[in-house]
Every structure is written in structure tokens, then in C-alpha cells.
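Before any comments, here is the structure.
The values are calculated or read from the model by the stated rules, or taken from the named source; none is laboratory data. Everything numeric in this text was worked out from a predicted model, so none of it was measured. Note that each Cβ is placed from the backbone with ideal geometry, even for glycine, and that neighbours are counted across all protein chains shown. These area figures cover heavy atoms from the full protein model, side chains too; ligands, DNA and RNA do not enter into them. Shrake-Rupley method; radii C 1.70, N 1.55, O 1.52, S 1.80 Å.
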Amino acid sequence: MKKIVVIVGPTAVGKTALSIEIAKRFDGEIINGDAVQVFQGLNIGTAKITNEEMAGVPHHLIDICDPASTYNVFDFKKDVDHLIEKISSQGKLPIIVGGTGLYIQSVLYDYQFPEQKTDHALREQLTQLTPEQLYQQLVQLDEAAASSIHPNNLKRVIRALEICLSTGRKFSEQSTQTSRIEKYSAYVIGLEMDRETLYQRINARVLSMIEAGLEREVRNLCERGMADAQSMQAIGYKEFIPYFHGEQTIDEVIKQIQQHTRNFAKRQYTWFKNKMDIEWFTLNPDQNCSIQFQAIMNEIALFLGK
RNA sequence: GGAAGGGUAGCGAAGAGGCUAAACGCGACGGACUGUAACUCCGUUCCUUCGGGUUCGGCGGUUCGAAUCCGCCCCCUUCCA
């Protein structure tokens with residue numbers, strides 16, 4: 001089994017800094033594991049790594065999509081599998097770094113996706129129905145899926161129906177097909193931090209994003225007609241829309257971005273703590289980062305047998 | 001000094017004699033997650049040894065029964081001096 005290193009954790013804990021140190025020390029290449037950083041032009045708001053910060057370490061899956069286009073787990077899983085193959089074959093260490101639970105999970109546990117793409121015509125039909133009707137239909141077609149999806153979770157109900165209707169197979173079969181066995185020999189590092197401290201860091205980071213010109217970045221994308229694009233639903237972007245329409249003040253926008261980021265960090269913890277097998281390391285921002293990283297480095301060395 | 005309005009759970013805010021440990025919103029916490037996932041959705045949220053206990057600025061009073069009615073006091077906001 002190919003060995004890979006994975007770094008996960010909530011937004012703003014400091015994954016990027018660690019990833020660079022690991023890549024340099026173990027001759028690795030970094031694969032972005034973050035759903036929004038794949039888009040070009042979304043830089044400040046996604047806290048995307050800069051060229052200088054990369055320090056010569058090769059980075060993949062960053063800026064690979066036009067902000068008007070779409071990207072999803074299916075694409076990610078396929079791309080990462082190829083990249084791991086490629087990087088490993090060059091004798092280098094693949095390092096996945098990011099905070100998108102589903103994406104990383106799909107790679108580690110080798111999710112099997114049907115080739116079926118989003119069927120817009122079918123979705124159009126489905127949205128004509130009431131949520132109750134949709135759920136009832138799902139109960140008829142796939143009881144197992146219906147029982148695991150809450151009736152109020154319209155998005156999931158529709159997707160499950162879409163799969164059932166267009167493939168003729170049950171949506172719930174998808175998960176039973178998944179091997180549940182890890183595809184790679186992965187050392188998964190989870191970075192965590194005292195909740196209160198993390199929230200303060202998030203608040204401060206949003207403020208510095210504003211200072212760095214986040215508003216200009218978002219306005220630019222909007223002027224290019226991206227307002228309704230998938231990329232613009234990211235935290236730090238969508239919040240500007242009402243402000244641009246004159247319905248909110250910039251202070252309200254900032255507060256919202258901070259709030260949404262904090263809520264997001266908590267959801268990330270929920271995923272990582274409950275769905276993945278992770279080696280957790282607690283970071284103390286008051287202490288020297290390199291020293292704290294040292295313990296992690298030692299573990300990786302053991303894992304790699306170096 | 002005078003007049004009016006107001007003080008309800010972490011915050012905002014309903015409730016105007018019993019159906020109220022107190023709607024709703026926010027926050028916080030916990031959880032779910034297989035093609036928009038930085039999405040979407042769910043649960044808990046006065047204390048409790050789960051029997052119960054203590055609440056609606058404070059202290060008294062009316063009543064079978066008070067967050068709701070009465071009196072006094074404290075604090076806040078606006079207006080007049």
C-alpha cells in the first residue's frame with residue numbers, strides 16, 4: 001500500500017505551516033484537500049497559500065478551476081488518486097492538506113461513485129414537487145436511504161432520488177459498495193486547539209483578510225458575473241452580496257464572516273472526530289511552532305520507517 | 001426635581017392571573033453527512049442524585065393560584081425642568 005500523509009483540522013489552526021515543514025523534511029508534494037481553494041481568484045478569503053509560502057514545494061489542486069465552473073467530490077477523488085500514483089512513482093511523499101471532510105474521506109476510504117453526473121433536467125422536475133412528496137417518493141424507491149436522510153434535508157433527499165431515478169439502482173447501495181477499508185496506508189494528523197483560542201484566531205484572521213483587500217477580491221468576482229457560481233457560496237464571499245446591494249454594512253458582513261467561519265470550524269471537528277481515525281496533536285499558539293511540530297515530525301519518521 | 005416607558009434564561013425578545021420552566025430568534029454545545037460539502041440538515045440548552053428543586057430587578061401584599069394584579073424600593077431609557 002502506498003504511504004501518504006494527511007493533515008486535517010479546523011480552519012485557522014495552522015495546517016499550511018505544518019505542511020510545508022513536512023514536505024521539506026520528507027521530500028513531499030502537497031495535494032490541496034480543500035473544496036474552495038481549487039478555484040482561481042479566491043485567494044484572500046480562502047487563506048490560500050502564496051507562492052512565497054510554498055517555498056518551492058510543489059502544490060497540486062490549487063487554482064485548477066475557473067471560478068465560474070463547478071468541482072465536486074467525484075472530481076476530487078479521481079484527481080487525488082491520479083496524483084498519489086504520480087507522486088509516489090517519483091519516489092516522493094504525497095501529503096494531502098485540507099479541511100473538507102467529505103473530500104478527504106472519499107480518498108482514504110475509497111468511495112465508489114457511480115458515473116452518473118448531475119441530471120439537471122431531472123432535478124428541474126423534482127423541484128416542482130413539495131418536500132413531502134419528494135420524501136415520500138424516496139421512501140418508495142429506497143427505504144434504507146429514506147431512513148438515513150432527514151425529511152427536512154431537501155438537498156440530500158433530492159440527490160438520493162436523482163440517483164435512484166436515473167440509475168435505476170438504490171442510492172443506499174453506494175455506501176454498501178464502499179470497501180470501508182482504507183485504500184492507502186495513511187498517517188492522518190489532526191491539528192486541534194483550545195476552542196476559545198481558535199475562535200479568537202478566526203476572528204482576527206477575518207479582520208486581516210479585510211485589511212488585505214477581501215472586499216476588492218469579491219467585488220471583482222461579482223463584476224465578472226460569478227455571483228451565483230458554486231465558488232461564491234464559500235464563506236467570506238457570499239456574505240458580501242447583501243452588502244453590495246446596499247442592504248448591509250461592512251461591519252455586519254465582517255461579523256457574519258466571523259460567525260460562519262466559527263460555525264464551520266465546529267462542523268469540521270464533528271466530521272474529523274467522528275468519521276476518521278486520526279492522530280490528534282494539540283497546538284498551543286503561545287509556544288514556538290517549530291518545537292511543537294517536532295513531535296509530529298518524529299511520528300511521521302516512524303511511520304515512514306526513516 | 002417632574003412625566004412617560006421599561007427591567008423575563010448566555011444575549012435579543014414574546015407572554016399581561018391557572019393550559020408557563022416560560023413561545024420564537026441568536027449564540028453555545030452535541031450530532032448527521034457518498035456528486036453544490038466553506039453545502040445541507042438534526043438534537044440539546046435554569047439546576048437536578050430525574051423523585052424533584054429554584055426562577056421572570058428587590059422586598060412585601062392580594063389570590064385557592066402571580067412573570068402577569070397592588071404597594072414600596074433599586075436600576076435603565078426617553079422627554080420636561
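Here are a few things to note about the model shown:
- Here the range A:15-72 and the range A:289-306 have alpha carbon centers that stand 22 Å from each other.
- Note on the range A:21-174: antiparallel DSSP beta bridges, both residues inside, total approximately 0 percent of the bridges counted.
- Whole-Hz Karplus values for the range A:152-164 come out as 6, 7, 3, 4, 6, 4, 5, 4, 4, 4, 4, 5, 4 Hz, taken residue by residue from phi with 6.51 cos²θ - 1.76 cosθ + 1.60 and θ = phi - 60°; glycine and proline positions read x.
- Only Cα pairs under 8 Å and 6+ residues apart enter the sum, and on that basis the relative contact order of chain A stands at 27 percent.
- Dipole magnitude (debye, nearest 20) for chain A, charges at Cβ of Lys, Arg, Asp, Glu: 520
- The range A:64-162: relative contact order as a whole-number percent, Cα under 8 Å and 6+ apart: 20
- Distance from the alpha carbon centroid of the range A:205-223 to that of the range A:104-144 works out to 35 angstrom.
- Amide H within-cut-off set for residue A:6, under 5 Å, with H built and near neighbours excluded: A:96, A:187, A:188, A:189
- 3J(HN,Hα) couplings calculated from phi for the range A:14-29 with the Karplus curve 6.51 cos²θ - 1.76 cosθ + 1.60 (θ = phi - 60°) are, in sequence order, x, 5, 4, 4, 5, 4, 5, 4, 5, 4, 5, 5, 10, 6, x, 10 Hz; Gly and Pro show x.
- Sorting A:221, A:165 on solvent-accessible area from highest to lowest, probe radius 1.4 Å, gives A:165, A:221.
- Residue-normalised accessible area of the range A:144-264, given per residue in Å² at a 1.4 Å probe: 55
- Semi-axes of the equivalent ellipsoid for chain A, Cα gyration tensor, largest first, Å: 32, 27, 18
- The apolar share of the surface of chain A, taken as the fraction of accessible area on carbon and sulfur atoms (1.4 Å probe, ligands and nucleic acids excluded), comes to 48 percent.
- Lysines whose Cα lies under 27 Å from that of residue A:48, excluding same-chain neighbours fewer than 8 positions away: A:3, A:15, A:24, A:77, A:78, A:86, A:92, A:238, A:255, A:266, A:273, A:275
- Scanning residues 5 or more positions from residue A:60 or on other chains, those with amide H under 5 Å from its amide H are A:30, A:31, A:32, with H placed 1.01 Å from N in the peptide plane.
- In order along the range A:215-226, the Karplus-derived 3J(HN,Hα) couplings, from 6.51 cos²θ - 1.76 cosθ + 1.60 at θ = phi - 60°, round to 4, 4, 4, 6, 4, 4, 4, 5, 5, 7, x, 8 Hz, and Gly and Pro are given as x.
- For the peptides A:79-92, A:293-306, the ranking by packing is A:79-92, A:293-306, with the highest mean count of neighbouring Cβ atoms within 10 Å listed first.
- Anisotropy class of the range A:159-221 from Cα gyration tensor, a/c 1.5 cut: oblate
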